[in-house]
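*Asks:* The structure follows.
Each value in this text was obtained by applying a stated rule to the coordinates, not by laboratory testing. These figures come from a predicted structure and were not determined experimentally. Neighbour counts are summed over all protein chains in view; Cβ atoms, including those assigned to glycine, are modelled from backbone coordinates with ideal geometry.
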Amino acid sequence: MTFKKFNGYWKNDFTAPSLKNINYQFKSGKIYGITGKVGSGKSGLIGAILNEIPYYSGIVAVEGKAVYVEQEPIVFSDTVKNNIIFGR
């Protein structure tokens, strides 16, 4: 999954991007977590990955599978990794 010069907009007026100039490449086979303060763009980034952000410029290329885990925490008494992948 690759972002190049990505700007994401929730409205089609293109005046204020909620995601600005994102350049990042997620590597295949790795597990990533997205954290941050309220309003920092976490949901926008997930929306871009899931192809739900309606307006954008730049490139977002998603190959393979991406998994979304809801923000409501369900934590098991186990390792962080097993709480993410549920033993798979």
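*Asks:* If you stretched the chain out fully between Glu72 and Ser43, how much longer would it get, using 0.36 nm times the residue separation minus the C-alpha to C-alpha distance?
*Replies:* Separation in residues times 0.36 nm, less the Cα-Cα distance, equals 9.1 nm.
*Asks:* Starting from the amide H of Trp10, placed 1.01 Å from N in the peptide plane, find each other amide H under 5 Å away whose residue is 5 or more places distant or on another chain.
*Replies:* Ser18
*Asks:* If you don't mind, another one. For the chain, what does -39500 (n - 2.57) per DSSP helix run (n ≥ 4), summed and divided by total residues, give at 222 nm, in deg cm²/dmol to the nearest 500?
*Replies:* Per the formula, -4000 deg cm²/dmol.
*Asks:* Taking the Cβ of Lys4 as the center, what net charge do the other residues with Cβ under 15 Å away carry, scoring Lys and Arg +1 and Asp and Glu -1?
*Replies:* +1
*Asks:* Further question: Tell me, what is the FRET efficiency for Ser57 and Ile85 to the nearest 0.05, using R0 = 35 angstrom and their Cβ-Cβ distance as r?
*Replies:* About 0.55, to the nearest 0.05.
*Asks:* How charged is the neighbourhood of Ile85? Take every other residue with its Cβ under 13 Å from the Cβ of Ile85, and add Lys/Arg as +1 and Asp/Glu as -1.
*Replies:* Local net charge: +3.
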